[in-house]
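**Q** Sharing a structure below in structure tokens format, with a few things to ask.
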Amino acid sequence: MSKKNELLYEKKTVYELAGKEVTAAAFDYAGGYKNYLDEGKTEREALKISIALAEKKGYREYHLGDKISAGDKLYYNNRGKNLFVFSIGSEPINQGIRITAAHIDAPRIDLKQCPLYEDSGMGFFKTHYYGGIRKYQWVATPLALHGVVATKDGKVLDITIGEHESDPLLYINDLLPHLGHEQGKGTLEDGIKGEQLNVLVGSMPEDEEHSVKLHVMQILNEKYGITEDDFLSSELCVVPAAKARDVGLDRSLIGAYGHDDRVCAYPILTALLDSPDTTHTAMCILADKEETGSDGPSGMQCDLMLDLINEIALALGGNPAVVRANSKCLSADVSAAYDPNFPDVFEKRNTPLLGCGAVFTKFTGSRGKSGTNDASAEFIGWLRSIMAKDQVVWQAGELGKVDCGGGGTVAKFISKHNIDTIDLGVPVISMHAPYEVIAKVDLYETYRAVKAFYQY
Ligand code: MN
Ligand code: MN
């Protein structure tokens, strides 16, 4: 007869189960993560810092068709927005690949292709939001501009305004409460409309004969050499100007823009880079366009992952179908942490708790599990055994109450290729807000979970 504490399952925190040493390591690890967040506010920037980290560990650029051999450490840069980092193991390739995938795009506000205009003495950019934002959260808050402008003569200019203390900021106007009575009677959802998310960029003409708009364009021309028609071929994103900071008097939390999903991108990447001796072939995918449905050539619905698996399999004398059948994947994405301020939308027994470690989510979808990958019991059983080897603290997760809503991840775009896949990630407070919050120990346990996955 087992003892009572062996018969019953009780979720416990990382602090209870792992203790001071792991907590200290988690705080240490969080430092690198905060830097990663500040350096990479868009998918293009996150890709650049990820490549820099990989190159430091001896990874080199791979192009389709290049030779591949056991022991190679390579990365494939897809259009500057989507990165595949892979390490070829010593075992036969037909044993499969340990795949991890997170996304490096985050909800934000993009400029339209003809953005600049002037009205009533103010210069503005017209915008079209990207991903699932709550529009009312983006007004009256410090914002920055990040992105690229591709000119007709083939140059691609990087633009960043609003990140340095000496930079000007951008801003979206909101209504004052004195005149906001009617607006206040509406719902949160329609309080601010998409076409009201106009970004304030100036209010002063160069002289009385010219416009505010012309002045703004002159400033951009001086700094970047661009003209108004160059916006036609630009990708410019408005993101929160705030930096990642510790939150809480105990510094146990991190507040930042874009935890979803860089809080998973960073651990899956660093866990691979910190695994120098791999038996298994491992691949870490940092994807783009997850927040808009994973479409397009930099999203996970693109066939590029298959092309790379084929190239790897054939180069090493394997069979691509066998390689896929024996591969396993952690689709690394965030989950919603239980929030006692909003208990109505959560089912507490099955919602991740902050501080209780990495979250394995068997299925996502909405209502009757519609549109989900659903990891098999057998796969989760195997994962439990390897998590136990490294004493990783983890919990099961589900996104809110059954009939409350739902969501999806890239898991289904990977599992459809005959690859066992499960969602793994970090619980987040205020997901998709301009400033989200996570716990350092959950980030670190996710890193440890992924490291165990690459290793065993
Ligand atoms: Mn996500
Ligand atoms: Mn998201």
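The values are calculated or read from the model by the stated rules, or taken from the named source; none is laboratory data. Bear in mind the structure is a predicted one, so any value in this text is a computation, not a measurement. Cβ: placed from backbone, ideal geometry, glycine included. Neighbour counts: every protein chain shown. Protein only, heavy atoms only, side chains kept; ligands, DNA and RNA dropped before computing areas. Shrake-Rupley method; radii C 1.70, N 1.55, O 1.52, S 1.80 Å.
**Q** For segment 1-82, which chymotrypsin sites (Phe, Trp or Tyr not before Pro) are both in a DSSP coil and crowded by at most 14 other Cβ atoms within 10 Å?
**A** For chymotrypsin sites (Phe, Trp or Tyr not before Pro) across segment 1-82 that sit outside H, G, I, E and B with at most 14 neighbouring Cβ atoms in 10 Å, the list reads Tyr9.
**Q** Per residue of the chain, what 222 nm ellipticity follows from adding -39500 (n - 2.57) for every DSSP H run with n ≥ 4, rounded to the nearest 500?
**A** -8500 deg cm²/dmol
**Q** Right, here's the next one. Residues of the chain: accessible area per residue at 1.4 Å, in Å²?
**A** 46
**Q** Also, quick follow-up: Projected onto the charge dipole of the chain (+1 at Lys/Arg Cβ, -1 at Asp/Glu Cβ, origin at the Cα centre), which of Tyr454, Cys264, Leu188 gives the Cα projection farthest towards the positive end?
**A** Sorting the options by dipole projection puts first Tyr454.
**Q** Assuming R0 = 56 Å, can you tell me the calculated FRET efficiency for the pair Leu306 and Asp229, based on Cβ-Cβ distance, to the nearest 0.05? Let's see the in-between values first.
**A** Working: r = 38 Å, r/R0 = 0.68.
Given R0 = 56 Å and the Cβ-Cβ separation, E is 0.90.
**Q** 5 Å is the cut-off here: which amide hydrogens, built 1.01 Å from N in the peptide plane, fall below it relative to Ile172, excluding neighbours closer than 5 in sequence?
**A** Amide H neighbours of Ile172: Ala140, Thr141, Leu200.
**Q** Now a separate question. Rounded to the nearest 20 debye, what is the charge dipole size of the chain about its Cα centre when +1 sits on each Lys and Arg Cβ and -1 on each Asp and Glu Cβ?
**A** On the way: 48 positive and 64 negative charges, 379 e Å.
I would put it at about 1820 debye.
**Q** Measuring from label point to label point, each 7 Å out along Cα→Cβ, what is the Tyr456 to Lys67 span in nm?
**A** 3.7
**Q** Taking every DSSP beta bridge that has both residues in segment 1-91, what percent is antiparallel when rounded to the nearest 5?
**A** Percentage antiparallel, nearest 5: 75.
**Q** Got a number for carbon plus sulfur as a percent of segment 108-240's accessible area, 1.4 Å probe?
**A** 55
**Q** How high is the relative contact order of segment 108-240, in percent, counting Cα pairs under 8 Å that sit 6 or more residues apart?
**A** Reported as a whole number, the value is 39 percent.
**Q** Another question, then. So, counting K/R as plus one and D/E as minus one, what does the shell of residues with Cβ under 10 Å around Lys328 add up to?
**A** Counting the neighbours of Lys328, the net charge comes to 0.
**Q** Which length gain, in nm to one decimal place, applies between Glu222 and Leu179 when the Cα-Cα distance is subtracted from 0.36 nm times their residue separation?
**A** Additional length available on full extension: 11.6 nm.
**Q** Just want the answer: with Cβ charges of +1 for Lys and Arg and -1 for Asp and Glu, which residue in Ala52, His417, Pro107 is farthest toward the dipole's positive end in the chain?
**A** Among Ala52, His417, Pro107, the one farthest towards the positive end of the dipole of the chain is His417.
**Q** If amide hydrogens are placed 1.01 Å from N in the peptide plane, which non-local residues have theirs closer than 5 Å to the one on Ala332?
**A** Under 5 Å from the amide H of Ala332 lie the amide H atoms of Ala101, Ala102, Leu424, each far enough along the sequence or on another chain.
**Q** What net charge is computed for the residues neighbouring Leu83, neighbours being all others with C-beta under 13 Å from the C-beta of Leu83, Lys and Arg scored +1, Asp and Glu -1?
**A** Details: positive: Arg44, Lys48, Arg79, Lys81, Arg262; negative: Glu43, Glu45, Glu55, Glu61, Asp105, Asp288.
Around Leu83, the surrounding residues sum to -1.
**Q** Any idea what the relative contact order of the chain is, in percent, if you count C-alpha pairs under 8 Å spaced at least 6 apart? Spell out each step's value before the answer.
**A** Numbers: 978 pairs, mean separation 101.4, N = 456.
For the chain, the relative contact order is 22 percent.
**Q** For an R0 of 51 angstrom, estimate the FRET efficiency from the Cβ-Cβ distance between Glu91 and Asp207 and round to the nearest 0.05.
**A** With a Förster radius of 51 Å, E is 0.10.
**Q** Oh, and also: Could you order the peptides 330-337, 109-116 from most to least packed, using the average number of other C-beta atoms within 10 Å per residue?
**A** Details: 330-337: 29.0, 109-116: 18.0.
Top to bottom by mean Cβ count within 10 Å: 330-337, 109-116.
**Q** A further question on this structure: How charged is the neighbourhood of Leu197? Take every other residue with its Cβ under 9 Å from the Cβ of Leu197, and add Lys/Arg as +1 and Asp/Glu as -1.
**A** My count for the surroundings of Leu197 gives +2.
**Q** Can you find, among Gly132, Trp394, Gln218, the residue sitting farthest towards the positive end of the charge dipole of the chain, where Lys and Arg contribute +1 and Asp and Glu -1 at Cβ?
**A** Looking along the dipole axis, the top candidate is Trp394.
**Q** Out of all Cα-Cα pairs in segment 142-207, roughly what percent, to the nearest whole number, are more than 16 Å apart?
**A** Percentage above 16 Å: 67.
**Q** Which three extents, in angstrom, do the Cα atoms of segment 23-136 have along their principal axes, listed largest first?
**A** Computed over the Cα atoms, the extents are 67, 44, 24 Å.
**Q** Percent of Cα-Cα pairs per 10 Å bin, from 0 to the last occupied bin, for segment 108-240, please list those.
**A** Values per bin, smallest distances first: 12, 41, 34, 12, 2, 0.
**Q** Let me ask something additional. Within the chain, what is the longest stretch that has no GluC sites (Glu not before Pro) placed in a DSSP loop and near at most 11 other beta-carbon atoms within 10 Å?
**A** With GluC sites (Glu not before Pro) excluded where exposed in loops, the chain gives 210-456 as its longest stretch.
**Q** Which three extents, in whole angstrom, do the alpha-carbon atoms of segment 287-362 cover along their principal axes, largest first?
**A** Cα extents, longest axis first: 54, 27, 16 Å.
**Q** Mind jotting down a quarter of the surface of the convex hull over the alpha carbons of the chain, in square nanometres, one decimal?
**A** Convex hull of Cα atoms, orientation-averaged projection: 25.3 nm².
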